[in-house]
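This report concerns only the one structure given below.
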Amino acid sequence: MTIVSSAHERKPANTVLPTSARAHRGKLAKALLIPVAIVALWTAVTWRGAVDPIFLPSPFDIVQSIKDLWPLLPSSLAASLTMTLGGFLGGSALGLAMGLLMAYSRLAREVFGGVLDFLRPVPIFALIPLFILWFGLGVTPQVVMIMLGTSLIIGVSTIEAIKNVPSVYIRAGLVFGASRWTIYRRIILPAIFPHLLGAVRVAAAASWGLNVAAEYVGAQVGLGHLMIIRVQYLDTAGILSIVLIYCLLAVALDKVVVAVERPLTRWTEKGAGTNVVGAITGAN
């Protein structure tokens, strides 16, 4: 029996189907393109002292500075992590509780919404002297400031998310005889939940900035205090090293929030892996 295969049924020998690992490596290469280019340009500009190190130290100076600071980093990292995570978790819990309450009660929205609208434009850093006056020096005013900043971010985001819930969803629930609790649980919460988690992610990044500002005033321990000492000695490499550590910590906390968010938003288009922009532009 002779089997004849047509040309369109034969696959070219050199055809290799893309694998997920290859696609992942391609995305990683694209993501690292700009950072590698920046480091290369940075190295070229600072090569052999072409720029005064007090203004722009070389990457090799940064590495050496991290080695010099290494004995001091464990205690400073522990202090900054304790303050930042304590303020972030406390502020997130307060903001989420306030947000869920405002999502359920119009009275709560009217009471807390005006307060949030008033506090939102106020620079948190302007309140630092009051925090020191009320709570004294130490960890407490720093944690309170981070809590206030993160809770405001989540609270304001909740109000905006509630305003953007399509009214047709509420009307449809009322038409089908849904109770107030059912509408809250089955319509409002699913509609605002992704926005709340997005606000938590923004608050996580902001908490590190609030930590730096708090430690600059009256801190005796932490990365911010270590940075103040480096400033007094005009150690630019040490300052940039600490900034780099702050960046890595912020990225790590953001990744943790994303890892927690992903299973909670699996039912959404984002959680399901749907990329509308990528589908339109062909970036996928």
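Any read-out appearing in this document is the output of simple, stated calculations on the displayed coordinates, not a laboratory observation. Note that the structure is predicted; figures quoted are calculated from it, not measured. All Cβ positions, even for glycine, are placed from backbone atoms using ideal geometry, and neighbour counts span all protein chains on display.
Could you tell me the distance between the Cα centroids of segment 24-85 and segment 231-250, to the nearest Å?
Measuring centre to centre over Cα atoms gives 9 Å.
Arrange the following residues from fewest to most other Cβ atoms within 10 Å of their Cβ: 109, 171.
The fewest-first ordering by Cβ neighbours comes to 171, 109.
To the nearest 20 debye, what charge dipole does the chain have about its Cα centre, counting +1 at the Cβ of each Lys and Arg and -1 at the Cβ of each Asp and Glu?
So the magnitude is around 1200 debye.
Which one, (1) -0.42, -1.14, -1.22; (2) -0.22, -0.90, -1.05; (3) -0.28, -1.07, -1.20, gives log10 I(q)/I(0) by the Debye sum over Cα atoms at q = 0.07, 0.14, 0.15 Å⁻¹ as derived from the coordinates shown?
(1)
Where does the chain land at 222 nm, in deg cm²/dmol rounded to the nearest 500, when only DSSP H runs of n ≥ 4 count, each adding -39500 (n - 2.57), divided by all residues?
-23500 deg cm²/dmol
Please report 110, 215 as a ranked list, fewest other C-beta atoms within 10 angstrom at the top and most at the bottom.
In order of increasing Cβ crowding within 10 Å: 110, 215.
In whole percent, what relative contact order does the chain give with Cα contacts below 8 Å and a gap of six or more residues?
Relative contact order for the chain comes out at 23 percent.
Report the calculated FRET efficiency for residue 260 and residue 120 (r = Cβ-Cβ distance, R0 = 30 Å), to the nearest 0.05.
Computed FRET efficiency for residue 260 and residue 120 comes out at 0.70.
With θ set to phi - 60°, apply the Karplus curve 6.51 cos²θ - 1.76 cosθ + 1.60 along segment 246-255 and write out the HN-Hα couplings as whole Hz, x wherever there is a Gly or Pro.
4, 4, 5, 5, 5, 5, 5, 5, 4, 5
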